[in-house]
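One structure is given below, encoded as structure tokens.
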Amino acid sequence: MSRLTRPAGNLRLGVNIDHVATVRNARGGDVPDPVRAARLAEAAGADGITAHLREDRRHIRDADIEALMRDITVPLNFEMAATDEMQQIALRHKPHAVCIVPERREERTTEGGLEVAREESRLAQFIAPLREAGCRVSIFIAADRAQIEAAARIGAPVIELHTGAYCDAHAEGRLAERDAEFARLRDMAAFAHDLGLEVHAGHGLTFDTVRPIAALPEIMELNIGHFLIGEAIFSGLDSAIRRMRSEMDAARRDAFDSGVA
Ligand code: PXP
């Protein structure tokens, strides 16, 4: 497994605005408006906006996707389950990127990665029209060799590595496990890059956990939501996003300067 001597490209930040919609929906009205948050995120330096239209519409709704497609200028990364309904919605809007995620109704958030290896031929057929429509398809998976190989075989150009286990282990003080999870992410980012996949990462990232991930030279995009929206309560969304950007950029710069990246 080769390691890059330079970063694969500039590290992009995709800001996930789902939880602005969670707060809005708690009262059933129109505020806070996720599209307003998306515009503010753009102004604060987000390279893209990420939104997950869940089958139960618990946060983002169809009208939000329409408004995001109309009103934002940075690329939209549309997260969705691999269902016919979602495929039709994606084909209607043709967002810049479509990230295929697993979805279980009873889960609180996207708990694991997609089991690509288990349903390879269905997923290959599922993503083909999305690719033909010009969407950049990414597959959200665990840092697991078999899943990465399967993602490459179905023709996905991009994978997003699930950082949830690494972040949870950090938050709960299980430091040996955190380090083992990090090593897996590091090795599998290099493995996926060697296979020709573009590598993204996300889930659960905070100011405390983002730097080691941002320093991995193969990673080209991080998608971050829940922590930023929570942090916005204390410091404002603009300030939270700017700080996340600067943590990411500093980690990248330090790794490059010290010859790691
Ligand atoms: N990436 C993917 C594929 C996700 O499903 C999510 C959560 O919707 C995120 C990133 C962002 O995770 P978080 O909200 O924990 O930062």
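Rg and Dmax, both from the Cα atoms of segment 82-141 and both in Å, are 11.6, 33.
Between the residues 123, 166, 97, the greatest Cα displacement towards the positive end of the dipole of the chain, with unit charges on the Cβ of Lys, Arg, Asp and Glu, is found for 97. Normalised by 2.2 N^0.38 Å, with N the number of residues, the alpha-carbon radius of gyration of the chain equals 0.95. As an exercise, use a Förster radius of 25 Å and the Cβ-Cβ distance of residue 122 and residue 10 to find the FRET efficiency, rounded to the nearest 0.05. Plugging the Cβ-Cβ distance into 1/(1 + (r/R0)^6) gives 0.15. Of the solvent-accessible surface of the chain, computed with a 1.4 Å probe and all protein chains present, 49% belongs to carbon and sulfur. The candidates 121, 246, arranged from most to least accessible area with a 1.4 Å probe in the full protein assembly, appear as 121, 246. Considering only 182, 256, 110, and ranking their Cα positions along the charge dipole of the chain that arises from unit charges at the beta-carbon of Lys, Arg, Asp and Glu, the one farthest toward the positive end is 256. Surface analysis of the chain yields an accessible area of 45 Å² per residue, using protein heavy atoms and a 1.4 Å probe. The alpha carbons of segment 142-261 stretch over 44, 31, 27 Å along the principal axes, in descending order.
The values are calculated or read from the model by the stated rules, or taken from the named source; none is laboratory data. Note that the coordinates shown come from a computational prediction; the quantities given were computed from them, not determined experimentally. Here the Cβ is made from the backbone with ideal geometry for all residues, glycine too, and neighbour counts use every protein chain on show. When the accessible area is computed, the model is the full protein with side chains, heavy atoms only, and any ligands, DNA or RNA have been set aside. Shrake-Rupley method; radii C 1.70, N 1.55, O 1.52, S 1.80 Å.
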